[in-house]
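Before any comments, here is the structure.
The values are calculated or read from the model by the stated rules, or taken from the named source; none is laboratory data. Remember, predicted model here, so these are calculated numbers, not experimental data. Note that each Cβ is placed from the backbone with ideal geometry, even for glycine, and that neighbours are counted across all protein chains shown.
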Amino acid sequence: MLKVGLTGNIASGKSTLLKLLSKDENIITIDADKIVSELYRAGEVGTLEVAKLFGKEYLKDDGSVDKTKLLHLFLNNPAKLRELEKVVHPLVWERIESILSRVDKPIAVIEAVALSGEDKKRGIIDLLVYVDIPEEIAVERASARGLDKEIAASILKLQPSRDKRFRGADFVVYNGGSLDDLERQTDELKKFLYSKANL
């Protein structure tokens, strides 16, 4: 199985691209954010780790993780985000590997913001696809979804730079245009992945 990481910053269109790829019968798609959400439910191991690292004040009344509080913590202290990532990322990948072990498809595409070229070196993924978008468009799109522009810009600063993303990518999708343009690039990406998977 060819394991492909799909990454990009906030509001870059990763989820839209993942949805387009999911229509291909030879590709299984996994959204790491959904797995994180599962890990942050009441009583889950991710929730217990958040409480251990930062205190129970970062949990909601129902026992799940308060993501809004966590976000504000990270915006004020980015080192805390790295601290949590060291604990949560292995838990996420454990679940991803469990899912993939039960699937018989030649290509797996895993969407995750935190993926980088370093993950290829560690053997977690085989290839990295980066969805690029100008920062000003990303902020506008995030704002259109209801996120405050200043918070969106601050989140971008927390995430890896475009230069770093470019350096680690095997394939770049430029998503500053229309859906038709994204669909065209999705077809090109599938051809690339098929060739790498020897299909």
Which of the residues belonging to the range 164-184 are surrounded by fewer than 18 Cβ atoms within 10 Å (Cβ to Cβ) and either within 21 Å of Pro78 (Cβ to Cβ) or without any contact (Cβ under 8 Å) to a residue 24 or more places away in the chain (or both)? Lys164, Arg167, Gly177, Ser178, Asp180, Asp181, Arg184
Can you find a residue in the range 16-36 that is surrounded by fewer than 16 Cβ atoms within 10 Å (Cβ to Cβ) and farther than 23 Å from Thr186 by Cα? no
Of all residues in the range 10-31 being in a helix (DSSP H, G or I) and out of contact with any Leu (no Cβ under 8 Å at 6 or more places or on another chain), the one that is modelled with the lowest pLDDT: Ser15
Of everything in the range 78-107, what is under 22 Å from Ala11 (Cα atoms) and either in contact with a strand residue (DSSP E or B) (Cβ under 7 Å, 6 or more places away or on another chain) or not aliphatic (A, V, I, L, M) (or both)? Give them in sequence order. Pro78, Arg82, Glu85, His89
Just give me the residues in the range 33-53 being among the acidic types (Asp, Glu) and at pLDDT 95 or above, in sequence order. Glu38, Glu44, Glu49
Counting only residues in the range 44-57 that are crowded, with 17+ Cβ neighbours inside 10 Å and of a type outside the set (Val, Ile, Thr), the one farthest from the chain's Cα centre (by Cα) is identified as Phe54
